[in-house]
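The values are calculated or read from the model by the stated rules, or taken from the named source; none is laboratory data. Given the structure is predicted, the values throughout are model-derived calculations rather than measurements. Backbone-built Cβ (ideal geometry, glycine too); neighbour counts: all protein chains shown. Just the protein is used for accessible areas: all its heavy atoms, side chains included, with ligands, DNA and RNA removed. Shrake-Rupley method; radii C 1.70, N 1.55, O 1.52, S 1.80 Å.
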Amino acid sequence: MKAYIRLVGISMLLLLGACTTHYHLTGTNYYGYQIYKGLHNSESAEKLITPYRDSLTNKMNTVIGTSDTILIKEQPEGTLGNFCADAFREIAASVAAKSIDVCIMNAGGLRVPSLPKGNITVGNIYELLPFDNQLVVMEISGIDLMTICNKIAKRGGWPVSGLRMKIHNGQAIDVTINGQLLNPNSNYVIATNDYIANGGDDMDMLKNYQQQTFNILLREALVEYIRSLNSMQKSIYAKKDQRIINEP
């Protein structure tokens, strides 16, 4: 009896499989719906949305710290990039429990031209770092680090920490890591974001390296970092210190 039931089941599956209909897209139609100022608000929709909107607004307006000056995004270096690179290098050292030689962040990852002087809110950091990028630590060769420096030079400079270099004719020269000339035969521990670590912005040489990840979003890490400064009654501060110099 059991064998018969199994046989019937298999037969039904074969029949169902044989009857499967395959659909193919043959065309598309586009319908445009105009939204105009005279459109009235939906009271029911407004009632549904208001609690979530108010909660989000309150969170974004929460003050997490203060800044002594306006932090500006510039190339080859700027105070905003220097602050972020230094902060993420410190954060990476803490969560990885190891010394970080260099932190590298792509300029395109910072999405606002500046952070204001005075109060810094959660919303400011979400605007600065809107993408769900995570912090990554990896150990790479000096040869590949030099290649990265040359790519940074061609792009006019990126936010870095622990690294100093000059840009001459689109190439990186006089590269030092923590005060020592970059050694192509040495390995270096770097912190970056997962976009760069996975080959973004033409950084393919990093894709084959083992990544140490922490499931930490950059923006959340920076929010907590600024909060920790504030708890110690410290404000955000950064200056340009010639870590990247354009040479004629």
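Quick look at the numbers
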quantity: Solvent-accessible area per residue, Å², over the chain with all protein chains present [probe radius 1.4 Å]; calculated: 62 Å²
quantity: Most mobile of 67, 55, 235 in a GNM of the chain (Cα contacts under 10 Å); calculated: 55
quantity: Global geometry of region 73-188, whether rounded, prolate or oblate, following the gyration tensor of its Cα atoms and the 1.5 cut on a/c; calculated: oblate
quantity: Expected 222 nm ellipticity per residue - DSSP helices of 4 or more, -39500 (n - 2.57), all of the chain, to 500; calculated: -11500 deg cm²/dmol
quantity: Exposure rank, largest accessible area first [117, 166; 1.4 Å]; calculated: 117, 166
quantity: Cα-based shape type of region 141-248, given that a ≥ b ≥ c are square roots of the gyration tensor eigenvalues and the cut on a/c is 1.5; calculated: oblate
quantity: Choice from 192, 69, 50 with maximal GNM fluctuation in the chain (Cα, 10 Å cutoff); calculated: 50
quantity: For region 53-123: rounded, prolate or oblate by the Cα gyration tensor [a/c cutoff 1.5]; calculated: oblate
quantity: Percent accessible area from carbon and sulfur atoms, the chain, protein chains only, probe 1.4 Å; calculated: 53 percent
quantity: Extreme residue, positive dipole direction of the chain, given options 69, 97, 119 (C-beta unit charges); calculated: 119
quantity: Alpha-carbon centroid distance for the pair region 184-248 / region 79-154, whole angstrom; calculated: 3 Å
quantity: Spatially proximal aspartates and glutamates relative to residue 98 (Cα-Cα < 18 Å; intrachain offsets below 8 disregarded); calculated: 86, 90, 139
quantity: Under 28 Å from residue 154, Cα to Cα: lysines that are on another chain or at least 8 residues apart; calculated: 73, 166, 207, 239, 240
quantity: Computed over the chain, the ratio Rg/Rh where both radii use C-alpha atoms and Rh is Kirkwood; calculated: 1.20
quantity: Choice from 113, 184, 51 with maximal GNM fluctuation in the chain (Cα, 10 Å cutoff); calculated: 51
